[in-house]
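The values are calculated or read from the model by the stated rules, or taken from the named source; none is laboratory data. Bear in mind that the values here come from a model prediction, so they are computed numbers and not experimental data. Backbone-built Cβ (ideal geometry, glycine too); neighbour counts: all protein chains shown.
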Amino acid sequence: MSTAVIIGAQGALGAVAVRTFRDAGWQVYPGGRRPDVQADFRHVDLDEPATIGSAFVGCDVAISTVPHAARSAERLVLERGGILINPTDMNVATAADLLRVAEPKGTVLVNAGLVPGLTNLVAAELVRLYPEADEIEIAFTTAAAATSGRAGGEFAHRVLTGRGRHVSRVVSFPMPLGNRPAMEFGESDRGYLGPVAGGRAVRTFISFDGQVGGLLRTINRLGLFSILPRVAFTIGRGKAVEQASDEPVGVRVEVSAGGKQLGAGTIFCRGDYRATAATLLTFAETLLFRPEIPRGMFYPEQLLSLRDVLPLLSNRGVHIGMAAAHPDWLHLS
């Protein structure tokens, strides 16, 4: 039986990940900094590095759903050994800092969720098919009723309030979602892609549904995003949930050259956090069962490919397709 400690298990995404790994037959140790009565609970406070190492004892893989500023858990694994996977967004500066760890003894996979994460693999496949691409565009949907944690709110506040107004456009998402209005965000974050981005331009768009979507589009038209307080995005978030939401989620990754679309890949699933947890599980299983894993910090596209994960993800309700036919795409099946 494979074993995992999941840091952030007292939050929304962490709680979903605990159930997902247990349902797949893993021995799971939920980790968090507050006292807890969960079975096999382990105390982990990322601000107290001494608690991290003891929490990892006897575990094959560590999953951290916490976007900790100092990245203490990631640094410990690089220095002492092991495998750690984190699905939360990590910017280029933080990643570069981890890359400077001398003679790493462990493996850390960053930006390894649904978006970013699985989108990295779709982008890498598209770039393989269309190496002449000079731009990558990533777009995804989100719902007001979706399960979401405090980290998700913090992320939305950071990427949307960096400027007052964002570029808007209509994106063609996989059915049944179809064409939906979306706005660009995180303009300086380059889609959290690793080496696959290369010298290409990267743009990221998000589409909000319902009344919340309408309100945010109005705020965008008025150029008022930059004055919104953090609490507007984080209030009511962060609690563990009994049952994760199963709203339809659509993702589109598109590559182009000279302004002309070359190809696009799509992802369709139900429930953002459900799909993120399923992706984490798939990445963990794929890495763990390899005879040898390189040591250091990596982006998903550096260690994995769609070919590695497509069958498992499809069985777990995360469906990946090609928006326009390409003969080599068939080799994925």
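Could we say that Ala144 is in the same structural domain as Asn179 (by TED's automatic domain parsing), buried (at least 22 other Cβ atoms within 10 Å of the Cβ) and among the small types (Gly, Ala, Ser) here? Working first, answer last.
Numbers: in the same structural domain as Asn179 (by TED's automatic domain parsing): yes; buried (at least 22 other Cβ atoms within 10 Å of the Cβ): no; among the small types (Gly, Ala, Ser): yes.
In short, no.
If a residue must be touching a residue at least 40 places away in the same chain (Cβ under 8 Å) and in a loop (DSSP other than H, G, I, E, B), how many such residues does segment 126-139 contain?
Adding up the residues that qualify gives 4.
If only one of Val122, Val77 is at pLDDT 95 or above and out of contact with any helix residue (DSSP H, G or I) (no Cβ under 8 Å at 6 or more places or on another chain), which one is it?
The unique qualifying residue is Val77.
Among the residues that make up segment 211-231, is at least one of them crowded, with 20+ Cβ neighbours inside 10 Å and either among the small types (Gly, Ala, Ser) or not in a helix (DSSP H, G or I) (or both)?
Scanning segment 211-231, I find at least one residue that is crowded, with 20+ Cβ neighbours inside 10 Å and either among the small types (Gly, Ala, Ser) or not in a helix (DSSP H, G or I) (or both), so the answer is yes.
Each row is one residue, and each column tells you yes or no for (1) touching a residue at least 40 places away in the same chain (Cβ under 8 Å); (2) in contact with a Ser or Thr (Cβ under 6 Å, 6 or more places away or on another chain).
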residue: Thr141; (1), (2): yes, yes
residue: Ala146; (1), (2): yes, yes
residue: Arg150; (1), (2): yes, yes
residue: Ala156; (1), (2): yes, no
residue: Gly164; (1), (2): yes, yes
residue: Val170; (1), (2): no, no
residue: Asn179; (1), (2): no, yes
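Please go through segment 254-283 and pick out each residue that is closer than 16 Å to Ser305 by Cβ and under 14 Å from the mean Cα position of the chain (by Cα).
Scanning segment 254-283 gives Ile267, Thr279, Thr282, Phe283.
Which of the residues that make up segment 294-318 are touching a residue at least 60 places away in the same chain (Cβ under 8 Å) and loosely packed, with under 15 Cβ neighbours inside 10 Å?
Within segment 294-318, Pro294 is the sole residue that qualifies.
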